[in-house]
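Q: My questions will all concern the structure given below.
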Amino acid sequence: MSRLEGKVAVVTGGARGIGRAICMAYAAEGAKVAVADRLIEDAQETAALLGEAGMAVQMDVTEPAAIAAGIASIEENWGGIDILVNNAGIFNMASIEEVTVDDYRRQYDVNVGGTIFAIQAVVPGMRKRGGGVIINFSSQAGRRGEPNITIYCSTKAAVISITQSLALELAKDKIRVNAIAPGVIDTPMWTHVDALFAKYEKKPVGQKKREVGEAVPLGYMGAPEDVAKPAVFLASEDARYITAQTLNVDGGNWMS
Ligand code: NDP
């Protein structure tokens, strides 16, 4: 049986990487899926893979007005939203001497502000619908700090806290709020991450990516689909008694 039959989902940053895998998995489970991304062309390309079940929405999550407009257009087209996946995220590295106000603001605006304001935009509709599911994206980087990654790690720790507070606040509305903390997942983001580690750890390009994959207890870097499957579970009725949790999806890197 399809586990998300009749549901409407919106996935931010849904055009590529983990977000795209979640869009595909949700559609395969019977959901209608709004692919929300910064660039409409990218969102359209992924939405086209979903056929009738897909819809592309231009949404820069650093702009609360754009989030509100995007959410309103999905609700208008499909009658409401049952599942929000706050997947859009960006990564950067900088030593404390190099941190800039712009980079600090940008990472917080996407990773933290984007999560908060997307939740703010969907909650009234979910309340009217009698409930809903929200899945935020933290990271193993939210579980402990790392040198030269002060800003990103702190944004992902903030996502764990936001998940806990809002799960408690929205429990009375039958809205479950959980997060996923991926480990190392082979997506376009990793080209950028690897290049930054090459600079900061003075390694040849490609070496860090190889090393982190080999260091995973299960022995390999995850694929986007490895994260999409738990995201289906958390969105489904199978997870009806789970809220306020951050699920590690990392091949055993972090234990909690
Ligand atoms: P990718 O960089 O591969 O994809 C991210 C998507 O988000 C892109 O389509 C990107 O579009 C979009 N995006 C970026 N900024 C915005 C914005 N302001 N508004 C809307 N969309 C935006 O990332 P991953 O798939 O690797 O990561 C997905 C999530 O998982 C992120 O939150 C990330 O932090 C987290 N994560 C990933 C890990 C990994 O190893 N890959 C590990 C731990 C956590 P564009 O390129 O046009 O900006």
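Q: Among what's in the range 92-107 and is under 17 Å from the mean Cα position of the chain (by Cα) and buried (at least 17 other Cβ atoms within 10 Å of the Cβ), pick the residue that is nearest to Ala36 (Cα to Cα).
A: Gln107
Q: Can you name every residue in the range 146-163 that is open to solvent by 30 Å² or more (accessible area, probe 1.4 Å) and not in a helix (DSSP H, G or I)?
A: Selection gives Glu146, Pro147, Asn148.
Q: Do we find that Ala239 is out of contact with any Leu (no Cβ under 8 Å at 6 or more places or on another chain) and not assigned by TED's automatic domain parsing to the domain that holds Asp82 in this structure?
A: no
Q: With the range 164-256 as the region, which helices (runs of 4 or more DSSP H) entirely inside it contain at least 2 residues that are closer than 30 Å to Gly130 by Cα?
A: Result: 224-235.
Q: Return yes when Glu98 is among the acidic types (Asp, Glu), at pLDDT 95 or above and within 16 Å of the ligand (Cβ to nearest atom) and no when it is not. Working first, answer last.
A: Details: among the acidic types (Asp, Glu): yes; at pLDDT 95 or above: yes; within 16 Å of the ligand (Cβ to nearest atom): no.
No, not satisfied.
Q: May I ask you to verify whether Arg127 is farther than 19 Å from Cys23 by Cβ, open to solvent by 20 Å² or more (accessible area, probe 1.4 Å), among the basic types (Lys, Arg) and assigned to a helix (DSSP H, G or I)?
A: Details: farther than 19 Å from Cys23 by Cβ: yes; open to solvent by 20 Å² or more (accessible area, probe 1.4 Å): yes; among the basic types (Lys, Arg): yes; assigned to a helix (DSSP H, G or I): yes.
Yes: the conditions hold for Arg127.
Q: Here's another thing I want to ask about it. Would you be able to say whether some residue in the range 33-53 is touching a Lys or Arg at 6+ places or on another chain (Cβ under 7 Å) and under 27 Å from Gly130 (Cα atoms)?
A: Yes, the range 33-53 contains a residue that is touching a Lys or Arg at 6+ places or on another chain (Cβ under 7 Å) and under 27 Å from Gly130 (Cα atoms).
Q: Right, next: Filter the range 50-91 down to the residues that are touching a Leu at 6+ places or on another chain (Cβ under 8 Å) and open to solvent by 50 Å² or more (accessible area, probe 1.4 Å) and list them by number.
A: Selection gives Gln58 alone.
Q: Could you tell me which of the residues Asp194, Asp226, Asp238 is more than 25 Å from Gln120 (Cβ to Cβ), in contact (Cβ under 8 Å) with a residue 24 or more places away in the chain, of a type in the set (D, E, K, R) and within 12 Å of the ligand (Cβ to nearest atom)?
A: Answer to the check: Asp226.
Q: For the range 190-202, what are the residues that are open to solvent by 50 Å² or more (accessible area, probe 1.4 Å), farther than 11 Å from Met93 by Cα and not β-branched (Val, Ile, Thr)?
A: Glu201, Lys202
Q: Just give me the residues in the range 14-49 being closer than 17 Å to Pro230 by Cβ, buried (at least 21 other Cβ atoms within 10 Å of the Cβ) and not hydrophobic (A, V, I, L, M, F, W, C), in sequence order.
A: Residues satisfying the conditions are Gly14, Gly19, Arg20, Tyr26.
Q: Is there a residue in the range 52-73 that is under 16 Å from the mean Cα position of the chain (by Cα) and closer than 19 Å to Glu5 by Cα?
A: The answer is no, given that none of the residues of the range 52-73 is under 16 Å from the mean Cα position of the chain (by Cα) and closer than 19 Å to Glu5 by Cα.
Q: Something else: Does Lys209 satisfy the condition of being touching a helix residue (DSSP H, G or I) at 6+ places or on another chain (Cβ under 7 Å) and either modelled with pLDDT under 95 or crowded, with 19+ Cβ neighbours inside 10 Å (or both)?
A: Values: touching a helix residue (DSSP H, G or I) at 6+ places or on another chain (Cβ under 7 Å): yes; either modelled with pLDDT under 95 or crowded, with 19+ Cβ neighbours inside 10 Å (or both): yes.
Here the answer is yes, as Lys209 does meet what is asked.
Q: I've got another one for you. When you check Ala121 against the structure, is it more than 17 Å from Val85 (Cα to Cα), of a type in the set (A, V, I, L, M, F, W, C) and either more than 19 Å from the chain's Cα centre (by Cα) or in a helix (DSSP H, G or I) (or both), yes or no?
A: no
The values are calculated or read from the model by the stated rules, or taken from the named source; none is laboratory data. This structure is a prediction, so every number in the text was calculated from the model and none was measured. Virtual Cβ from ideal backbone geometry, glycine too; neighbours counted across all protein chains shown. Accessible surface areas use protein heavy atoms only, side chains included; no ligands, DNA or RNA. Shrake-Rupley method; radii C 1.70, N 1.55, O 1.52, S 1.80 Å.
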